[in-house]
Amino acid sequence: MIAETIFVGTELLLGNIVNTNAAYIASELSGLGIDTYYQTVVGDNKQRLKGVIELALTRSDLVILSGGLGPTQDDITKETAAEVMGRELVLDEESKDRIIAYFEKRGRVMTDNNFKQAMIPEGAIILANDNGTAPGVIIESKDNDVMDKVTKRVVLLPGPPHELEAMFEDKLIPYLQEVNALDKQVFYSRIVKICGRSESEIATILDDLINMNGAVTVAPYAKTCEVHVRVTAKAETIDAAKKLVKPVVNEIKSRLGDSVYTTHEERTLEQTVVDLLVANDLTITTVESCTGGLIAGRLINVPGVSEVYKSGEITYSNKAKRRILGVKKSTLQKHGAVSSQTVKEMCLGAAFFNKADVAVAVSGIAGPDGGTPEKPVGLVYIGVNVCGQVTTAEYHLKGNREKVRNTAVAESLILLRKCILEYYSKKTFGTP
């Protein structure tokens, strides 16, 4: 099955909002083993939208649209899709009742134009919206020469991400899985999560796997300081699909070595760090400046971290660095708060005063102000102390204040994992 996605809204074209739905749907379709060749953004213009839908139907089996299902005049997606598919709009009483109940439950006044959302293309499958008022719709086009054979499918989803994602996961995925079963195709995916390498480097290393033709597809996705590689196979049975995926996953792990931190979808980088600490009976403390407790927050999100996490401090000022961590006044005066020397003393002091085996320290200039030619915005130093062995690293991060801080957190977790593995590389140690 070939899919195509269309995102409707002039606000998307103008850059007023970020099109997070595009990345979400693309990832989910890939996980289902459905190929996507085209992705389009179109404004709230009926003729242009009609042309985009008609073109999509000439080259794709499944066309998914998001946005434009609201109650106002510029919400034209459903009306346009129905026209292209040759369907009349009819009032669906159940959808109408759900809309009324939605407003009553929240004590809000409902205007009559909301009933526009209950007008459904005749014969369509309705996807109930549990988080909003606009129901989703599936319009199936059947082959006149082959009874009940569906040749094209047009899916309409709401624009708000929290509504779209819930509807996709709860309503659309079961439908697509059933379609795949009817086509006698089973899809199975494994994820390979990698840290410490760039997307371009990984793409080069895995080039032959990414570009191979056959029943197995390999697709990399860039995350913050990570790359996730999804391996998907099509087969007649789930066991057959797993057999196709397994050797490819093993080959990726062989090529990338310790850069692979997990092959389980639900496992996070912070989970693997905590598991390493638990496996080796190590305790940890965190001291943060520009990240303001974000590293501690990521670690504390992991169930069972109480076994290893001792404490965390936010030492934002120089005075706090000296008083709480014992950073020398001379170090701060000579090298500054944002320096390898300072983060080294920060993580040494943190481990000593908190009696922890491992300490991570971070200090940087998150911006938008505070940078100099010698120390520009985005300069971050991270230090990791594993049982007295200290490693410091310098980073030049890009983006706004929020991105710099979040990237610094991810880099801290990556350096933590790397330093723990390196410290025990010549010993027998536990690996989760």
Is it the case that Thr133 is of a type in the set (Ser, Thr, Tyr), in the same structural domain as Ala56 (by TED's automatic domain parsing) and more than 29 Å from Asp61 (Cβ to Cβ)?
-> yes
Would you check which residues across region 320-341 are of a type in the set (Gly, Ala, Ser) and out of contact with any Asp or Glu (no Cβ under 8 Å at 6 or more places or on another chain) and list them?
-> Ser330, Gly336, Ala337, Ser339
Arg190 is checked against (1) at pLDDT below 95; (2) under 19 Å from Leu62 (Cα atoms); (3) assigned to a strand (DSSP E or B) and fails just one. What number does that condition carry?
-> (2)
Tell me, please, whether a residue that is out of contact with any Lys or Arg (no Cβ under 9 Å at 6 or more places or on another chain) and among the small types (Gly, Ala, Ser) can be found in region 258-269.
-> no
Within region 1-14, can one find any residue that is surrounded by fewer than 20 Cβ atoms within 10 Å (Cβ to Cβ), touching a strand residue (DSSP E or B) at 6+ places or on another chain (Cβ under 6 Å) and closer than 22 Å to Ser189 by Cβ?
-> yes
Can Val179 be described as β-branched (Val, Ile, Thr) and part of a strand (DSSP E or B)?
-> no
Starting from residues that are more than 21 Å from Arg405 (Cα to Cα) and within 26 Å of the chain's Cα centre (by Cα), keep the ones in region 275-308 and report whichever is surrounded by the most Cβ atoms within 10 Å (Cβ to Cβ).
-> Leu277
From (1) in contact with a helix residue (DSSP H, G or I) (Cβ under 8 Å, 6 or more places away or on another chain); (2) within 23 Å of Pro220 (Cα to Cα), pick out the condition that doesn't hold for Lys46.
-> (2)
Taking the residues in region 227-264 that are within 17 Å of the chain's Cα centre (by Cα) and closer than 24 Å to Ser200 by Cβ as candidates, determine which candidate is modelled with the lowest pLDDT.
-> Arg230
Pairs, first crowded, with 19+ Cβ neighbours inside 10 Å in region 73-98, second part of a loop (DSSP other than H, G, I, E, B) and of a type in the set (Lys, Arg), C-beta under 9 Å, six or more apart = Ala81/Arg87
Given Lys355, Lys418, which one is within 20 Å of Lys223 (Cβ to Cβ) and modelled with pLDDT of 95 or more?
-> Lys418
Please work out if Asp281 is more than 20 Å from His396 (Cβ to Cβ) and in a loop (DSSP other than H, G, I, E, B).
-> yes
Is at least one residue of region 190-199 over 22 Å from the mean Cα position of the chain (by Cα) and not small (Gly, Ala, Ser)?
-> no
Selected residue [in contact with a Phe, Trp or Tyr (Cβ under 9 Å, 6 or more places away or on another chain) and assigned by TED's automatic domain parsing to the domain that holds Val150] from Gly31, Gly51, Gly9, Gly15 = Gly31
All positions within region 63-72 that are surrounded by 24 or more Cβ atoms within 10 Å (Cβ to Cβ) and not β-branched (Val, Ile, Thr) = Leu65, Ser66, Gly67, Gly68, Leu69
Residues being modelled with pLDDT of 95 or more and in a helix (DSSP H, G or I): count how many of those fall in region 26-46.
-> 1
Residue list for region 214-241, restricted to those being surrounded by 15 or more Cβ atoms within 10 Å (Cβ to Cβ), more than 28 Å from Val409 (Cα to Cα) and of a type outside the set (A, V, I, L, M, F, W, C) = Thr217, Thr232, Lys234
Which residues, counting only those in region 211-266, are touching a His at 6+ places or on another chain (Cβ under 7 Å) and part of a loop (DSSP other than H, G, I, E, B)?
-> none
Only one of (1) loosely packed, with under 13 Cβ neighbours inside 10 Å; (2) modelled with pLDDT of 95 or more fails for Leu164. Which number is that?
-> (1)
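The values are calculated or read from the model by the stated rules, or taken from the named source; none is laboratory data. This one's a predicted model, so the numbers in the text were calculated from it and none came from an experiment. Methodologically, a virtual Cβ is constructed for each residue, glycine included, from the backbone with ideal geometry; neighbour enumeration extends over all protein chains shown.
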